[in-house]
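Accompanying notes for the structure given below.
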Amino acid sequence: MKNIIKNALFAGILLLLFSCSSKPLTADFELYSDGVIQDSLLQLAVKIENNTSKTLELDIEWRIATDNGETIKQMRFPYSINCDTVLLAYAPLHHFKQCGFYRIEAQICHANYTEDLFTNVVMNPEDIHSPLRKPGDFDAFWQRNIASLSKLNTTPEIKKIERSSDAKTDLYEVSLKSLGDLSIKGWLEVPKKKGNYATLYRVPGYTENLEPIDMYDDMIVFSLNVRDHGNSDNSGVREYEMWVRGLENEESFFYKNIYLDCFVGLNYLASREDVDLERIAVWGGSQGGGLSLLTAAYDKRISLCVADIPFLSDWERYFEISHWYELDQWMLEHPNISWNEILDVFSYFDTKNMVHKIECPVWMGIGLQDDVCPPATSFASYNLITSPKRYNIYPHQFHSQPQSHYDERFMEIRAFFKMD
């Protein structure tokens, strides 16, 4: 009898815990036209499912805002949803007057339960334009620094890496001298059969460690880790403060040498007899997306640029939308340096000031919900490209791309180079 009572009490506690933790409703956004605003009118709904056995009375607080947080419209509506049914609650009708990215929020309130949802939408991203902040000596700055690479020791150190017999390519670790007497390293994959090959040049995202991919037996792939990334040398403590190193001026800023590392890697590739100089693609994501745009802008040996969720663009707009915690500490330590002075330094490294030089095709991929590299900043650069270009917007992606994107891009690169 005691065991029966104990088991009953235990079951009751489990039931109570389950009922307390279960949600009375399930809600998510229902996007139309993949989050792209058609005819300037917002078409969006919240799909709500009643998980209880009774009718629920609830309110939704709607908020429509710009991507930098300025409220455009805020309204609250009551809703009623029967048990075991699904409700589509449509956002209030709104007519957007300007192109750009917008944030739609829905706070669902029922009794003591609340749930906050948000999604981003976009209207006419090709029309996004941002004022240039370009120093008078911008071109001279980059011409001088790129020219300085000619003084480097160009003799690479190449070490063959043992690979399984069924690997598609031979693998080498390549070490190259770059500025500051640092060695930057990359993984070179070369088809086993001698020939002249199309080449994919990969550049890394922030702190990313690029590794070999071993995908094709008819393409050279060079995955370069710029300084402080992957297997390359360090120029400081390898932490997330790289964005503010040397920010006092453009000559000392850490990213000057990161950018130049990309040209060191490309110079090495172009020196190889097995690289087809008419078929070199550069590809990177996030920081690597920005590095891809930079490399294509200043080196005409690039014949295709693939830039995913690209960073390093439109800094002023970036800081209106997003935030770096590293910059807070840096500004605390440099109280005499103003925002204008900081933005002046960043302007030397803004791809928005470079991309008009690109002559090859550019393919860009964007995550509509990206809160790391706001899509508006990516389009600020993209829309200044005058060469053939196209983009994909993935409505549910944040700072990433779906696997299908990468699979398709590899096939598209092969088709572009007429490899199949």
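Observations, loosely collected:
- Within region 268-289, considering residues that are assigned to a helix (DSSP H, G or I) and of a type in the set (A, V, I, L, M), the one farthest from Glu408 (Cα to Cα): Ala270
- Evaluated against (1) in contact with a helix residue (DSSP H, G or I) (Cβ under 8 Å, 6 or more places away or on another chain); (2) under 29 Å from Glu326 (Cα atoms), Ser148 falls short on exactly one condition, (2).
- Any hit, region 247-258, residues being under 22 Å from Asp328 (Cα atoms), basic (Lys, Arg) and modelled with pLDDT under 95: no
- Matching residues, region 161-174, being surrounded by fewer than 16 Cβ atoms within 10 Å (Cβ to Cβ) and either closer than 21 Å to Asp233 by Cβ or β-branched (Val, Ile, Thr) (or both): Ile161, Glu173
- If you go through region 154-198 and pick out every residue that is in contact with a strand residue (DSSP E or B) (Cβ under 7 Å, 6 or more places away or on another chain) and either closer than 14 Å to Tyr268 by Cα or part of a strand (DSSP E or B) (or both), you end up with 27.
- In region 349-367 there is at least one residue matching the filter, namely being in the same structural domain as Phe253 (by TED's automatic domain parsing), aromatic (Phe, Trp, Tyr) and farther than 17 Å from Phe253 by Cα.
- Strands (runs of 3 or more DSSP E) wholly inside region 51-127 that include at least 2 residues being surrounded by fewer than 15 Cβ atoms within 10 Å (Cβ to Cβ): 56-66, 71-81, 86-90, 113-123
- Test: residue in region 113-122 that is polar (S, T, N, Q) and over 30 Å from Ile321 (Cα atoms): no
- Matching residues, region 128-138, being in contact with a Phe, Trp or Tyr (Cβ under 7 Å, 6 or more places away or on another chain) and either in a loop (DSSP other than H, G, I, E, B) or polar (S, T, N, Q) (or both): Ile128, Pro135
The values are calculated or read from the model by the stated rules, or taken from the named source; none is laboratory data. On a predicted model such as this, the values are computed, not experimentally measured, just so you know. Note that we place each Cβ from the backbone using ideal geometry, even for glycine, and neighbour counts take in every protein chain shown.
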